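The values are calculated or read from the model by the stated rules, or taken from the named source; none is laboratory data. Every value quoted in this text rests on a predicted model; they were computed, and no experiment measured them. Methodologically, a virtual Cβ is constructed for each residue, glycine included, from the backbone with ideal geometry; neighbour enumeration extends over all protein chains shown.
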Amino acid sequence: MTLAVALASAAALLALAVFAVAIGRSAAATPIIYGASVFVTAISLVAAAAQLLGAAEPLGVTLPLGVPWIGAHFRLDALSAFFLVVVDFGALGASLFALGYGAHETAPQRVLPFYAAFLAGMTLVVLADDAFTFLLSWEFMSLTSWALVMSHHRVPENVRAGYVYLIMASFGTLALLLGFGLLAGPDGSYTFAAMRAAHPSATIGAFALILALIGAGSKAGVVPLHAWLPLAHPAAPSHVSALMSGVMTKIAVYAFVRIAFELAGAPSWWWSIVVLAVGGITAVMGVLYALMQHDLKRLLAYHTVENIGIIFIGLGLALAFQTYGMPFAAALSLTAALFHVFNHSLFKSLLFFGAGAVLTATGERDMEHLGGLIHRMPQTAFAFLIGCAAISALPPLNGFASEWLTFQAILLSPDLPSWGLKILVPAVGALLALSAALAAACFVKAYGVTFLGRPRSPAAAAATETDGFSLAAMLLLAAACLVAGVLPGLFIDALAPVDTALLGAHMPPQLGVPWLAIIPITASRSSYDGLLVFLFMLMSGGLAAFAIHRLASNRLRRAPAWDCGYPDASPATQYTAMSFAQPIRRVFGTMVFRAGETAEMPPPGDTRPARLAVEMHDLIWETLYAPLANVIGVAADRLNRLQFLTIRQFLSLVFSALVILLLVLAVWS
Amino acid sequence: MIRDLTVQGAQMLLVLLVAPLFTGFVRKLKARLLRRQGPPLIQPYLDLIRLTRKEVVLAEQASWLFRVVPYLVFAATWVAASLIPTFRADLLFSWSADLIAIIALLGSARFYLALAGLDVGTSFGGIGSSREVMIASLAEPAMIMMVFTVALIAGSTQLSTVASFMASPAVGLRVSLGLALIALIMVAIAENGRIPIDNPATHLELTMVHEAMVLEYSGRHLALIELAGSLKLVLYVSLVACLFAPWGIEAAGTAPPTLALGAVAYLGKLAVGGFLLALFETSIAKMRVFRVPEFLGVALMLGLLATLLRFVSGSF
């Protein structure tokens, strides 16, 4: 039943995409398409949640679609149900937001069809139960999102983003294709059921894991395969950016979990080391990149990279514990990672919606031209603040709950027998703590420069509050952030079937714990109660406010800012995004980005302005991508001559290729 | 139940009431060490009362956030401070947040205060905020590493459990604990803006951090922030005492004599802590702001080393 509903909603979304092509240019198209998307995703969300919360048996179905005689296999088990919840909740929020935001779209016919198709593609990826269907849906999802990135194709920046995205997406799919090919084996058993039953050898499993890490990792934005992400995510319309950052990266996590925990067989000792190292580096590099940005949407996109790192740290720990037969610790780590998947989809969507609202109100993405929006967009500012606090892992919001679980998982790891892990896990813990602290710095900057202070441009000074639908979507997600932070036990319990299916164990049930606290292992070891912390903060803040207003002076006078007696009327004297990050750039950036500053001071009497130039290098781009692109370019130039051969030369080329292949075959056997 | 609740309430009130006194005590000691007379011990209370009686002068471009932040900062710091065992472990609500959550609560207080520094849009607020987050970005990981060490040794992040374990003979002398103690003290100095990181006594110096951030605050808002600052100092001293000198708080039962003993022991620990802090602050010069990362980098490395030692062998 639930599987049928999920498939029906995917079909409905596809039909909606076709319909959108027909009516795309009319004014009524935007509310119709987004309204219908809200409706369809809400139904699918209910079905997926029912499947997950009911801990129902997996459902499977084979449809006579796709490759003849094989058909398309679909399956809804606990893992897909969980990710379907993530997809549908994100899509519901995005569609609701777009009911308001989409009205500002200049070319809706370029967005609407692909939007509905993109949602259908993501739904189908998590439902797919054979390699063909999976890869087909995966590629469909990539291409529709590429089309959305290119929806404003006259902006040169977007064209470049689309180009890089297309290359990286095909590269990632290629890796997945090879991985599935290896797992399917020579018999070509492409269904996941056959792969699960096959128990591949250690070598095959190892190759499959590496290929999954590359294929899914490039879509998720794992360093160093993240290069496309900060280009492509911000280029799309904001509700699509929210979906790409908040949800599509999670589909990649799903692909990795599916392959690493289920299809690739028993983990070898080094799997977790690779995944943990990748996760730790991704987390810190992502947030450092984010700190250096002054484009609000690009900052958010880079920050997605950090959160993907945190998720992969959790997955790496789960693999480590599973390798050494500690299923309960593995369940704790996997729960932490998946809970963070859900949480990140909430607050990252919320933040991208906020950035979209700012974009429609001011036409600006560059934080250096914003400021003071809290006065003119108070409700957006409030919702965005909740998102910033949640993503910075501040209690009592949801980001903290999942990071707390990850820390608890790290504290279980001294029991691991492997020496490599004994050395690596504390280092990864330090990287995780560092990235959490830097994330708070990053969002003080993002919020402070965008919403606080004084407006830095006339557009920012003239901004107005965004529309009701957009606000409703943002407040819905902000409320969800608070609920998930205050009642984490509900979500941990909902994840229990996923843990059981993948690891054979799950965390102790949390709902029976008094005061709705969460206790991952035992009460004397660690416990956290988001609800009580929230109530305590409310009470002590309220008590302070009450005492002050009853006993102390209530007088208040508005006056010019003090600023040590030298207030300057010009908003240019405020701290900017660049200057705010300067101390951190000096501490970390000199090493990571080879950042340098050159100050040019004209001599006295010279009326030129003084200039400060900051130089930074994206070392990953410069040392990995640029040389690779160079090599490909040179090789393509050389091979270009092959296009202009005579017919005889072509024929001899074909003939010699045939002879060489036959020789290879002869020698091989 | 009622009795447990009373003890919990007493703990919350105790830290709140003793915090300004402790600040005054350190100031007095520092003055005496410099052969000055110094302000009376109760001066911080008088300052707070004076501030609450004054009107608030609010900058014209200040937003609602600027007026809410003092309450948020105070609430987060007070909750964090009341969750640390002072005179008695195993309080009624001590399980509601472990050490990691307490650090995160302090982190949220700092987050909101740094936002308030940017709210008015002055260059002083910006300089304070940006330096504060830079310092925090190193201090917080160092603190988490310290927590890892302690948690791995005691097998818990729950402060009451850790305190009972640390008071038991099972703990012994450990290299990793020594390193963690040094890391914690270095972080505590940085987080509270004491010399050599920041100078709590200056207002106009370009190296200032905390004072620049709260420059635009006045009246009752400033009083709350000052009180939160005092609370934070007491919190860190209590934390050092709870983790590394937990004598007198592990006694079972809530009989008045044991509680009184615990309270006396706690006040004694505060006095020793205050004396050491004053001695340290008068014997060292403030460092340039870009030396701070080196200072905190050392703390982070010590914490990491301690954790690594503990991971490598249970006996370190």
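Based on this model, can you work out whether B:Ile189 counts as within 17 Å of B:Val209 (Cα to Cα), surrounded by fewer than 24 Cβ atoms within 10 Å (Cβ to Cβ) and out of contact with any strand residue (DSSP E or B) (no Cβ under 9 Å at 6 or more places or on another chain)? The answer is yes for B:Ile189. Looking only at region B:196-212, decide whether some residue is closer than 27 Å to B:Val120 by Cβ, touching a His at 6+ places or on another chain (Cβ under 9 Å) and not in a helix (DSSP H, G or I). Yes: one or more hits.
Quick check, is B:Ala188 touching a Lys or Arg at 6+ places or on another chain (Cβ under 9 Å), under 27 Å from A:Val287 (Cα atoms) and more than 12 Å from every other protein chain (Cβ to nearest Cβ)? Yes: the conditions hold for B:Ala188.
Regarding region A:507-521, can at least one residue be identified that is in contact (Cβ under 8 Å) with a residue 24 or more places away in the chain, in contact with a Phe, Trp or Tyr (Cβ under 8 Å, 6 or more places away or on another chain), over 30 Å from A:Leu291 (Cα atoms) and at the interface with chain B (Cβ under 7 Å from one of its Cβ atoms)? Taking every residue of region A:507-521 in turn, at least one turns out to be in contact (Cβ under 8 Å) with a residue 24 or more places away in the chain, in contact with a Phe, Trp or Tyr (Cβ under 8 Å, 6 or more places away or on another chain), over 30 Å from A:Leu291 (Cα atoms) and at the interface with chain B (Cβ under 7 Å from one of its Cβ atoms).
Against the test of being within 13 Å of chain B (Cβ to nearest Cβ), touching a Phe, Trp or Tyr at 6+ places or on another chain (Cβ under 9 Å) and either in contact (Cβ under 8 Å) with a residue 60 or more places away in the chain or closer than 30 Å to A:Ser570 by Cβ (or both), the options A:Leu412, A:Leu394, A:Leu351 yield a single qualifying residue, A:Leu412. Tally up the residues in region A:575-634 that are within 14 Å of chain B (Cβ to nearest Cβ), out of contact with any helix residue (DSSP H, G or I) (no Cβ under 9 Å at 6 or more places or on another chain) and among the aliphatic types (A, V, I, L, M), please. So the count comes out to 1. May I ask you to verify whether B:Glu132 is free of Cβ contacts under 8 Å to residues at least 60 places away in the same chain and among the acidic types (Asp, Glu)? Spelling it out, it is not the case that B:Glu132 is free of Cβ contacts under 8 Å to residues at least 60 places away in the same chain and among the acidic types (Asp, Glu).
How many residues are at pLDDT below 90 and of a type outside the set (A, V, I, L, M) if we restrict to region A:528-554? Of the residues in that region, 4 qualify.
Tell me which residues, restricted to region A:358-385, are more than 20 Å from A:Phe580 (Cα to Cα), within 13 Å of another protein chain (Cβ to nearest Cβ) and surrounded by fewer than 23 Cβ atoms within 10 Å (Cβ to Cβ). Scanning region A:358-385 gives A:His375, A:Arg376, A:Pro378, A:Gln379, A:Phe382. Might you let me know whether region A:522-533 holds any residue that is among the charged types (D, E, K, R), within 30 Å of B:Leu5 (Cα to Cα) and at the interface with another protein chain (Cβ under 9 Å from one of its Cβ atoms)? Checked region A:522-533: at least one residue is among the charged types (D, E, K, R), within 30 Å of B:Leu5 (Cα to Cα) and at the interface with another protein chain (Cβ under 9 Å from one of its Cβ atoms). Residues of region A:514-563 that are surrounded by fewer than 13 Cβ atoms within 10 Å (Cβ to Cβ) and in a loop (DSSP other than H, G, I, E, B): A:Asn554, A:Arg555, A:Pro560. In the condition set (1) under 23 Å from B:Ser63 (Cβ atoms); (2) away from chain B (no Cβ under 12 Å); (3) of a type in the set (Val, Ile, Thr), A:Val483 is compliant with all but (1).
Does A:Phe469 satisfy being surrounded by fewer than 24 Cβ atoms within 10 Å (Cβ to Cβ), more than 9 Å from chain B (Cβ to nearest Cβ) and either in contact (Cβ under 8 Å) with a residue 24 or more places away in the chain or not in a helix (DSSP H, G or I) (or both)? Spelling it out, A:Phe469 is indeed surrounded by fewer than 24 Cβ atoms within 10 Å (Cβ to Cβ), more than 9 Å from chain B (Cβ to nearest Cβ) and either in contact (Cβ under 8 Å) with a residue 24 or more places away in the chain or not in a helix (DSSP H, G or I) (or both). If you filter region B:281-316 down to residues that are surrounded by 15 or more Cβ atoms within 10 Å (Cβ to Cβ) and of a type in the set (Phe, Trp, Tyr), you find that the one that is nearest to the other protein chains (Cβ to nearest Cβ) is B:Phe311. A:Val305 - would you say it is buried (at least 24 other Cβ atoms within 10 Å of the Cβ) and either within 30 Å of A:Thr30 (Cα to Cα) or touching a helix residue (DSSP H, G or I) at 6+ places or on another chain (Cβ under 9 Å) (or both)? It is true that A:Val305 is buried (at least 24 other Cβ atoms within 10 Å of the Cβ) and either within 30 Å of A:Thr30 (Cα to Cα) or touching a helix residue (DSSP H, G or I) at 6+ places or on another chain (Cβ under 9 Å) (or both). Inspect region A:401-418 for any residue being more than 30 Å from B:Val312 (Cβ to Cβ), crowded, with 24+ Cβ neighbours inside 10 Å and within 23 Å of the chain's Cα centre (by Cα) and give the result as yes or no. Checking region A:401-418: at least one residue is more than 30 Å from B:Val312 (Cβ to Cβ), crowded, with 24+ Cβ neighbours inside 10 Å and within 23 Å of the chain's Cα centre (by Cα). Of all residues in region B:165-180, those being within 14 Å of B:Val240 (Cα to Cα) and buried (at least 19 other Cβ atoms within 10 Å of the Cβ) number 4.
Of the residues making up region A:578-588, those that are buried (at least 22 other Cβ atoms within 10 Å of the Cβ) and either of a type in the set (Phe, Trp, Tyr) or assigned to a helix (DSSP H, G or I) (or both) are A:Phe580, A:Pro583, A:Ile584, A:Arg585, A:Phe588. Every listed requirement among (1) within 18 Å of the chain's Cα centre (by Cα); (2) surrounded by fewer than 22 Cβ atoms within 10 Å (Cβ to Cβ) is met by B:Ala75 save one, (2). Selection within region B:93-122: residues that are more than 7 Å from chain A (Cβ to nearest Cβ) and under 14 Å from the mean Cα position of the chain (by Cα). The member of this set that is farthest from A:Thr573 (Cα to Cα) is B:Leu99. Among all residues of region A:243-250, there is at least one that is closer than 30 Å to A:Phe97 by Cβ and hydroxyl-bearing (Ser, Thr, Tyr).
Scanning region A:432-463 for residues that are more than 7 Å from chain B (Cβ to nearest Cβ) and in a loop (DSSP other than H, G, I, E, B) turns up A:Pro455, A:Arg456, A:Ser457, A:Ala462, A:Ala463.
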